[in-house]
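The values are calculated or read from the model by the stated rules, or taken from the named source; none is laboratory data. Keep in mind it's a predicted model, so treat the numbers as computed, not measured. Cβ atoms come from the backbone with ideal geometry, glycine included; neighbour counts cover every protein chain shown. Accessible surface areas use protein heavy atoms only, side chains included; no ligands, DNA or RNA. Shrake-Rupley method; radii C 1.70, N 1.55, O 1.52, S 1.80 Å.
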There are 2 protein chains.
Amino acid sequence: MRMLINVPETVVADALRGVAAAHPELKVDVARRLVVRRDAPVAGKVGLVSGGGSGHEPLHAGFVGPGMLSAACPGEVFTSPVPDQMVRAAAAVDSGAGVLFVVKNYTGDVLNFEMAAELADEEGIRVERVLVNDDVAVRDSLYTAGRRGTGATLFVEKLAGAAAESGAPLEHVAAVARRVNDCSRSFGVALSACTTPAKGSPTFDLPPGELELGIGIHGEPGRERRGMMTSREIADYTVDTVLEDLQPRGPVLVLVNGMGATPLLELYGFNAEVQRVLAERGVVAARTLVGNYVTSLDMAGVSVTLCSVDEELLALWDAPVQTPALRWGR
Amino acid sequence: MRMLINVPETVVADALRGVAAAHPELKVDVARRLVVRRDAPVAGKVGLVSGGGSGHEPLHAGFVGPGMLSAACPGEVFTSPVPDQMVRAAAAVDSGAGVLFVVKNYTGDVLNFEMAAELADEEGIRVERVLVNDDVAVRDSLYTAGRRGTGATLFVEKLAGAAAESGAPLEHVAAVARRVNDCSRSFGVALSACTTPAKGSPTFDLPPGELELGIGIHGEPGRERRGMMTSREIADYTVDTVLEDLQPRGPVLVLVNGMGATPLLELYGFNAEVQRVLAERGVVAARTLVGNYVTSLDMAGVSVTLCSVDEELLALWDAPVQTPALRWGR
């Protein structure tokens, strides 16, 4: 076990204490497992709440701040947060304008956010939910009915967050979020398995020299296993698989996302190949983001998410954002 | 070999093509291995140039932009850039106000930046150099006479970059850089070795369940090897070692820096322990940065850098910065 931890049982609480110390611009409730932007609730603004199992950082707590999420509810590692966290988050960020729950399509998350929406409704908080299910690799998986939610979560949270920040009403913010999800597709590749603190050994066996195509963010099995491929070959396979499903008619946002342990040097090199394939297919990359954003602990690998955008969505992408992991504009 | 590459020979050029595609705000010369802020040279502003072996990303190319570096010269993986790159970088960013070279203390870097300074001088460019040598782990190492340059490079580049952006003259920018280096100390711990593309296997042998204390950023041997320690124990050892050497009399900047493959969840948990030790020793953490900034490819591990600051240095830290890896303010 090569982990920088005390004991597996305190990993999430320890991390939240560390977030609190590094980010005074966030309110962190370690006991209740909540990360909330300090100025919440913002008068007249729709609240954006997301959450999910820990181990995918900076998703979601790293995306809390002006222009993106109002609050995040971290669960235990690879385990859904509970409805109580979600209801408290909704109450903490609701200004009366309502709250949007951004839910990745994993069974536990879906059920718990559904229950939380009902409980919030009983407390007089208007809640809408949007399901993120962008992963084209598999139809059903270990933790999901239907497609998994992966990299598109970043696009949904950024673009709907910008819409909320601009003062748009709940119905419009929810519509933006659903449109972003509908316009986004992802595909991921693992070069190594990840190791959870509780298990202490790799979640699946992937011999050196092999890779798993179509991996999920919890080490769920992918589509197929192959012998090692070059960056060029992986980009061809990945981008073509996404494009085949997405069929973009205009420009796209590109996320080249590291799974956690792949060096930035390699991610940027892979991005060069992704851009080559897009250019060969006549697809314009309007904006490109490269880095470790939707991770799977110490997994080596990469995922590509494309999001078809029109001028409205592109303007929402360019709008200012001030979070620990994504920051630009004023 | 678990790498997302084409062939080892093109890793750096491939990455630079990927940087160019993702960051239109930078000028990237792939053939000449240069990354320059797009608006350089900025009239009246001192230019800041750094560089070193690749494999430590986002250092240095990820720190190019307003408020930090004017240009970066990436060498091959773990190999110094050549004087020609450095002279070209100096020429590209010199507005007539002169150029500061920020040099990590590795023999190749030191010699090549020295030669580049002489060549630049012949071209009529005023150059000052500052040596970064913050690593308290070892006196001499595989690649160094004296202390190695590691995490403090980020502080030197940020604070001297802010001074340059404010219009300070070359002598003042160089003095700030030297003062930041003098006020900074680092110590790093490896939980696994890194793997270079050329070698394709770990650079040293570190069995699971052991860790190396006092590691460098190229897999240089450390002070000692021990059986696995908890996050709490590693923080005690690391912070006390740094404090013993630094003896800060006031507040400090804190960098909790991942070596590349340690999940953000663990880095934040470790930060909680770092903050605990600092509080126990009566040291005030004025600002804290947590993330993978000065890395060693896919090495698992962490380093801690502390920088003693007064009000001037703290204001330089808070000044706006707009680079791929560090962004805040306007």
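A few comments on the model shown:
- GNM flexibility winner over chain A from A:F155, A:F204, A:F270 (Cα, springs under 10 Å): A:F204
- Carbon/sulfur fraction of accessible area - chain A, other protein chains in place, 1.4 Å, %: 52 percent
- Taking the label point 7 Å along Cα→Cβ, A:A315 and its counterparts in the other copies are spaced 3.9 nm apart, in ascending order.
- Remark on region A:1-17: accessible area falls by at least 30 square angstrom from chain-alone to full-complex state for A:M1, A:R2, A:M3, A:L4, A:I5, A:N6, A:A15, A:R17, probe 1.4 angstrom.
- Among A:A89, A:A137, A:A168, residue whose mean-square fluctuation peaks in a GNM of chain A (springs only between Cα atoms under 10 Å): A:A168
- With all protein chains modelled, accessible area of A:Y237 [1.4 Å, Å²]: 40 Å²
- Leaving ligands and nucleic acids aside, the B/A contact buries around 4400 square angstrom of accessible area in total at a 1.4 Å probe radius.
- Cα shape, region A:11-182, gyration tensor, a/c 1.5 rule: rounded
- Given a 1.4 Å probe and the protein chains as shown, B:E128 ends up with an accessible area of around 50 Å².
- Spread over its residues, the convex hull of the C-alpha atoms of the protein assembly as shown is 132 Å³ per residue.
- Helical contribution to [θ] at 222 nm, DSSP H n ≥ 4, -39,500 (n - 2.57), averaged over chain B, rounded to 500: -10500 deg cm²/dmol
- Across A:V136, A:V49, A:V102, mean-square fluctuation computed from a Gaussian network of chain A (C-alpha pairs under 10 Å connected) peaks at A:V136.
- Across the identical copies, the 7 Å label point of A:D140, projected outward along Cα→Cβ, sits 6.7 nm from its counterparts, in ascending order.
- Relative contact order, percent, chain B [alpha-carbon distance under 8 Å, six or more residues apart]: 18 percent
- Residue order for B:R249, A:R281 - accessible surface, 1.4 angstrom probe, largest first: B:R249, A:R281
- Relative to the other identical copies, A:E233 shows label-point distances of 4.3 nm, where the label point lies 7 Å from Cα along the Cβ direction and values run shortest first.
- Number of Lys-Lys pairs in the protein assembly as shown with C-alpha atoms under 25 Å apart and a separation of 8 or more places or on different chains: 14.
- Short-range pairs are left out: with C-alpha atoms under 8 Å and at least six residues apart, the relative contact order of region B:177-330 is 30 percent.
- Computed over protein heavy atoms with a 1.4 Å probe, the accessible surface of chain B works out to 33 Å² per residue.
- Nearest-20 debye value, region B:139-199 charge dipole, Cβ charges on Lys, Arg, Asp, Glu: 280 debye
- Whole-Å distance, taken between Cα centres, linking region A:248-320 and region A:147-194: 13 Å
- Per the Debye formula on identical point scatterers at the alpha carbon atoms of chain A, with no solvent, log10 I(q)/I(0) at q = 0.08, 0.10, 0.15 Å⁻¹ is -0.33, -0.53, -1.22.
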